[in-house]
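Trainee: The structure under discussion is supplied below as structure tokens; questions concerning it will follow.
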Amino acid sequence: MYNQTEIIKDTSELGADGELVINMGPQHPATHGVLHLVVTLNGETIKKIEPHLGYIHRSIEKMCESLTYRQFIYVTSRMDYLSSHINNLGCALLVEKGMQIEVPDRAKYVRVILSELTRIASHELWLGAMAMDLGAFTPFFYAFREREMITDIMEDTCGARLTMNYIVPGGLMYDIHPDFQKKVKAFITQFKSKVTEYEDLVTNNVIFQSRTKGVGILSAEDAISYGKEMNQSIRIIEQLIDNIPEGDFVGKTKNVLKLPKGEFYTRVETARGEFGVYVVSEGGTTPHRIKFRSPGFSNLSVLNHISVGSKIGDLMASMGTLDLVIPDIDR
Amino acid sequence: MFSLEGITTNVQDWLLMKFNPTMALAIECVIVILLSISLFAILGLVLVLMERKVAAHIQIRLGPNRVGPGGMFQTVADTLKLIMKEGLTPDKADKFLFNLAPFVVMMVGMLLLAPIAFAKNFQIWDINIGVLYISSVSSLSVIGILMAGWASNNKYSLLGAMRSGAQIVSYELSAGFAVLTIVVLTGSLQISEIINAQQNGWWIFKGHIPAVIAFVLYIIAVTAETNRAPFDLAEAESELTAGFHTEYSGMRFALFFLAEYINIFIVCAIGATLFFGGWMPLHIGNWEAFNHIMDYIPSSVWFMGKTFFLIFLIMWFRWTFPRLRVDQLLNLEWKYLLPIRNMFLKEYITDVLTGVTSLLKGMRKTGYYFTHSKEIITEQYPDNRATLLMSDRFKGEVVMPHDANNEHTCTGCTACELACPNGTIKVVTKFETSPEGKKKKAIDALVYRLELCTMCNLCIVACPSDAIKMAPNFEHSVFDRTKLTKVLNQPGSKIREGIE
């Protein structure tokens, strides 16, 4: 009726020591997109992880070479779409640095507040997705309830919920919404009252702790620092929100932006690490060569290092804490 | 007073009157089989809906509410869909075992129905070794799962099946010990004897600390045995996609799904029987009047009430806790549920206490949301169109405002076209001759391709005469893609006087 040995043969790709090679992704519930990991297993224990990239490569860097210094900013929203404000900010800072554009104080304040809000929104999503990777579905919905308040604030002011393109070289595209301060304060109150909820459900939960403690060198620290980072962001916003100065929201810029000849680099701290923009200019209206240093790519490279020797379940925990955004890795 | 009591004896008497004993027995068997199959179907539909509703309310959602009143027929619709779907068998699978596995899992569920007393004197088979029968038959379900995992010829399935094997075999021990506590207290293995022994108080109240500990052990162990979260390692959606039933589709998947819920019902029914007195009403000491009132509630209602309470408890666990890792799962069983490790008592007690406290805190939170339906934040989109608040700045599409005289302010300067990063806007210009005979550049058509637009707002900023703006429209879906290419200036429109 059937031949058992034949089945084993077909299942194979068995390694030399009876290792099992499985493809996690591109379509896998825990990779949050289209990350492709080739995982070598011995039973449940991980021997090796090899990330395969290129599934959603859009050649963004090449694309930017044909866009002007005003236009290329919107593309960066499509890289790390969870911290698009901060990516836009990095690019705008580069142009301002290269051309010595003066940015009004009002724009600076709003930029910081929006960046911190973006950071909180990103971490809310991380919290929900991390809990989901570990098998708890419910915290996702609670985290999204607060994240929704932030996206509503963004929608009011920037007109979009995810890919804002609100920060332009010299300042902001248009002024903030009249309700902006009121809504941000309402969010801060709501967020503070709900933080204990996350602690009860996720960070203080004995199963969550035992799933994350000692898993990879980085993950335990991350689990703590994320929570602190959200509180710090709230503190920064609290300090700024009442003191937004009156005045212009955009500085004086020329109609056509031309970066002087040379090399330029700026960096900003996004929700998941350092984001750098490197531009080589030949003096024209478009960059000659552009390179993004995206945090997700560097974070991914540590995955093999921290996961070897742990279990499949740990891989999900490690991947969750690295907070990978695939379009950021695969530009 | 409605009661199932006596129905069984009446039916048997009638059958014996009409037929000879062998024939009567055969007919009884057929009736029992039909009844249990229909019970399966009904339970599956009810429990799946219940789970979805419980999950939704815990997660501040509404849950299914479209098919039938309050979404009552959602699971019926889902089942119909699954029946009509093609049941795929992977090419290199072991076809015989692959097709057999769901039925093995189902059969175990059916066999376990036999000794359960659904109401007073309403029991298929009151076997005298009832408890032993239950614990031996329930361990057979692992065979079906291993069969499915092995025969699928899929690595995820195999991993899931292996996990499930280790898990079910280990947790059988704790479940067995918990059940034995009640056997010792009662002095009998027979289900009806165990229920009768709880006439003047259920074991959970009467059995003091041993019975309470046994109940906690039992509820943890059966959650693990039925592969439910936080012990759903065999399926582990985020790790193994769907575990042992990754390759199953259509009705065979539905059988696995149904079997999971039947198993939950059965373990909860057994739990209710052992610890909460099965169909036995709540009796308190010598409160004669109270006991008499309690007796008026039908025994089947008592049984179902207790069972569904336990089912709710297990669902509550699932929607609160993260999943354990495979080694932690076995640690929990061998080091905490069966403390045979050489461990200091103090360390053991602190571990258990801190763990349980943190879990209870989480359950209190989810319990709060389950009971407070005003926290639900679901927006029912197509229904709330009238009250939907869209931000006036929302970037939905580019439009060109026209005034009452069908006039716009676009001069055709092509600034928007130059500002656009990806060629969404195309300005077609023409030359108009003014009455004085002067030639003037004007707009013929402003072609806007919505399918390309990234809503970056650069065109709006670039426009020197504020001729275009973003509109908060978002319902753009069309069946014909060409409809997304729009001409923004209205036919017959012209530029307003005085705009240069």
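Trainee: Keeping to region B:357-402, report how many residues are closer than 21 Å to A:Glu199 by Cβ and of a type in the set (Asp, Glu).
Mentor: 1
Trainee: Checking B:Thr223 against (1) under 26 Å from B:Leu43 (Cα atoms); (2) outside any loop (DSSP other than H, G, I, E, B); (3) out of contact with any Pro (no Cβ under 9 Å at 6 or more places or on another chain), only one condition comes out false. Which one?
Mentor: Among (1) under 26 Å from B:Leu43 (Cα atoms); (2) outside any loop (DSSP other than H, G, I, E, B); (3) out of contact with any Pro (no Cβ under 9 Å at 6 or more places or on another chain), B:Thr223 violates only (3).
Trainee: Here's a follow-up. Under 7 Å between Cβ atoms, which residue pairs at least 6 apart in sequence (or on different chains) link something in region A:59-88 that is facing chain B (nearest Cβ under 10 Å) with a partner that is hydroxyl-bearing (Ser, Thr, Tyr) and assigned to a helix (DSSP H, G or I)?
Mentor: Taking only residues 6 or more apart or on different chains, the pairs are A:Ser77/A:Ser84.
Trainee: Since A:Ala131 meets every condition but one in (1) more than 10 Å from every other protein chain (Cβ to nearest Cβ); (2) under 30 Å from A:Met316 (Cβ atoms), which condition does it not meet?
Mentor: Status for A:Ala131: all satisfied but (1).
Trainee: Follow-up question, since we're still on this one. Restricting attention to region B:349-404, report how many residues are without any contact (Cβ under 8 Å) to a residue 24 or more places away in the chain and of a type in the set (S, T, N, Q).
Mentor: Number of matching residues: 7.
Trainee: Here's something else I'd like to know. Find the helices (runs of 4 or more DSSP H) located wholly in region B:118-214 whose residues include 3 or more that are within 30 Å of B:Phe98 (Cβ to Cβ) and among the polar types (S, T, N, Q), and list them.
Mentor: Here the list reads B:130-138, B:155-186.
Trainee: For a quick check of your reading of the model, give me the residue pairs whose first member lies in region A:128-139 and is more than 18 Å from B:Trp316 (Cα to Cα), whose second is polar (S, T, N, Q), with beta-carbon atoms closer than 8 Å and at least 6 apart or on different chains.
Mentor: Matching pairs, first to second residue: A:Met130/A:Thr321; A:Asp133/B:Ser238.
Trainee: Still on this structure, I have one more. Evaluate the following for A:Ser301: is it within 14 Å of chain B (Cβ to nearest Cβ), under 27 Å from B:Ala236 (Cα atoms) and among the polar types (S, T, N, Q)?
Mentor: no
Trainee: Answer yes or no as to whether B:Ile460 is among the β-branched types (Val, Ile, Thr), within 14 Å of chain A (Cβ to nearest Cβ) and either closer than 30 Å to B:Arg66 by Cβ or surrounded by 11 or more Cβ atoms within 10 Å (Cβ to Cβ) (or both).
Mentor: The answer is yes for B:Ile460.
Trainee: I need the full set of residues from region B:438-464 which are at pLDDT 85 or above and assigned to a loop (DSSP other than H, G, I, E, B), in order please.
Mentor: B:Leu450, B:Glu451, B:Leu452, B:Cys453, B:Thr454, B:Met455, B:Cys456, B:Asn457, B:Cys463, B:Pro464
Trainee: Just checking, which of A:Ala220, A:Ala121, A:Ala136, A:Ala131 is out of contact with any Leu (no Cβ under 6 Å at 6 or more places or on another chain), of a type in the set (A, V, I, L, M, F, W, C) and either modelled with pLDDT of 85 or more or over 30 Å from B:Leu332 (Cα atoms) (or both)?
Mentor: Only one candidate qualifies: A:Ala121.
Trainee: Still on this model: Filter region B:473-500 down to the residues that are in contact (Cβ under 8 Å) with a residue 12 or more places away in the chain and under 12 Å from B:Glu397 (Cα atoms) and list them by number.
Mentor: Of everything in region B:473-500, those that are in contact (Cβ under 8 Å) with a residue 12 or more places away in the chain and under 12 Å from B:Glu397 (Cα atoms) turn out to be B:Asn473, B:Phe474, B:His476, B:Leu484, B:Thr485, B:Lys486, B:Leu488.
Trainee: In addition: With surrounded by fewer than 18 Cβ atoms within 10 Å (Cβ to Cβ) and of a type in the set (A, V, I, L, M, F, W, C) as the only criterion, which of B:Leu113, B:Leu100 stands out? Outline the logic, then answer.
Mentor: Details: B:Leu113 fails: surrounded by fewer than 18 Cβ atoms within 10 Å (Cβ to Cβ).
Unique residue meeting the criteria: B:Leu100.
Trainee: Further question on the same structure: Quick one: is B:Leu359 in contact with a helix residue (DSSP H, G or I) (Cβ under 8 Å, 6 or more places away or on another chain), under 26 Å from B:Asn457 (Cα atoms) and part of a helix (DSSP H, G or I)? Can you show your working first?
Mentor: Working: in contact with a helix residue (DSSP H, G or I) (Cβ under 8 Å, 6 or more places away or on another chain): yes; under 26 Å from B:Asn457 (Cα atoms): no; part of a helix (DSSP H, G or I): yes.
Answer is no for this residue.
Trainee: If you don't mind, there's one more thing I want to ask. For region B:383-395, state whether one or more residues are aliphatic (A, V, I, L, M) and either touching an Asp or Glu at 6+ places or on another chain (Cβ under 7 Å) or in the same structural domain as B:Pro464 (by TED's automatic domain parsing) (or both).
Mentor: Within region B:383-395 (the criterion being aliphatic (A, V, I, L, M) and either touching an Asp or Glu at 6+ places or on another chain (Cβ under 7 Å) or in the same structural domain as B:Pro464 (by TED's automatic domain parsing) (or both)), the answer is no, since none of the residues qualifies.
Trainee: Turning to a different aspect of this structure: Which condition number in (1) outside any helix (DSSP H, G or I); (2) free of Cβ contacts under 8 Å to residues at least 24 places away in the same chain is the one that B:His292 fails?
Mentor: Of the numbered conditions (1) outside any helix (DSSP H, G or I); (2) free of Cβ contacts under 8 Å to residues at least 24 places away in the same chain, the odd one out for B:His292 is (1).
Trainee: Okay, moving on. Tell me whether region B:366-389 contains one or more residues that are within 13 Å of another protein chain (Cβ to nearest Cβ) and more than 30 Å from B:Trp319 (Cα to Cα).
Mentor: yes
Trainee: Another one. Working carefully through the options A:Lys97, A:Lys47, find the one that is of a type in the set (D, E, K, R) and modelled with pLDDT of 85 or more.
Mentor: Numbers: A:Lys47 fails: modelled with pLDDT of 85 or more.
So the residue among A:Lys97, A:Lys47 that is of a type in the set (D, E, K, R) and modelled with pLDDT of 85 or more is A:Lys97.
Trainee: Return the residue satisfying two criteria in turn: it lies in region B:231-275 and is polar (S, T, N, Q) and more than 14 Å from chain A (Cβ to nearest Cβ), and of such residues it is surrounded by the most Cβ atoms within 10 Å (Cβ to Cβ).
Mentor: For region B:231-275, the residue satisfying everything is B:Thr273.
Trainee: Moving to a separate point now. Among the numbered criteria (1) crowded, with 20+ Cβ neighbours inside 10 Å; (2) among the hydrophobic types (A, V, I, L, M, F, W, C); (3) more than 14 Å from every other protein chain (Cβ to nearest Cβ), which one does A:Cys91 miss?
Mentor: The failed condition is (3).
Trainee: Which residues, taken from region A:94-109, are of a type in the set (Val, Ile, Thr) and either out of contact with any strand residue (DSSP E or B) (no Cβ under 8 Å at 6 or more places or on another chain) or buried (at least 24 other Cβ atoms within 10 Å of the Cβ) (or both)?
Mentor: Within region A:94-109, A:Val95, A:Ile101 qualify.
So that you can scan it fast, the table gives a plain yes or no per residue for (1) aliphatic (A, V, I, L, M); (2) loosely packed, with under 15 Cβ neighbours inside 10 Å:
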{"position": "B:Arg364", "(1), (2)": "no, yes"}
{"position": "B:Ala386", "(1), (2)": "yes, yes"}
{"position": "B:Pro401", "(1), (2)": "no, yes"}
{"position": "B:Asn406", "(1), (2)": "no, yes"}
{"position": "B:Thr409", "(1), (2)": "no, no"}
{"position": "B:Glu417", "(1), (2)": "no, no"}
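Trainee: Looking for whichever is within 14 Å of chain B (Cβ to nearest Cβ) and touching a His at 6+ places or on another chain (Cβ under 6 Å) here; the options are A:Asp156, A:Asp175, A:Asp152. Which one fits? It would help to see each step written out before you state the result.
Mentor: On the way: A:Asp175 fails: touching a His at 6+ places or on another chain (Cβ under 6 Å); A:Asp152 fails: touching a His at 6+ places or on another chain (Cβ under 6 Å).
Result of the check over A:Asp156, A:Asp175, A:Asp152: A:Asp156.
Trainee: List the number of the failed condition for A:His36; all other conditions in (1) at pLDDT below 80; (2) more than 13 Å from chain B (Cβ to nearest Cβ) hold.
Mentor: Condition not satisfied by A:His36: (1).
Trainee: Additional query: Please go through region B:297-308 and pick out each residue that is more than 19 Å from B:Asn196 (Cβ to Cβ) and touching a helix residue (DSSP H, G or I) at 6+ places or on another chain (Cβ under 8 Å).
Mentor: If the condition is that a residue be more than 19 Å from B:Asn196 (Cβ to Cβ) and touching a helix residue (DSSP H, G or I) at 6+ places or on another chain (Cβ under 8 Å), then B:Phe308 is the only one that fits.
Trainee: Can you tell me how many residues in region A:273-331 are more than 16 Å from A:Val39 (Cβ to Cβ) and assigned to a loop (DSSP other than H, G, I, E, B)?
Mentor: Total meeting the criteria: 12.
Trainee: Also, quick follow-up: Just a yes or no: is a residue in region A:300-323 closer than 14 Å to A:Tyr81 by Cα and at pLDDT below 85? Talk me through it step by step, then tell me what you get.
Mentor: Keep residues of region A:300-323 that are closer than 14 Å to A:Tyr81 by Cα, which gives A:323.
Filter once more, keeping what is at pLDDT below 85: A:323.
Yes, the conditions are met somewhere in region A:300-323.
The values are calculated or read from the model by the stated rules, or taken from the named source; none is laboratory data. Model, not experiment: these values are computed from the prediction. So basically every Cβ, Gly included, is an ideal-geometry build from the backbone, and we count neighbours across all protein chains shown.
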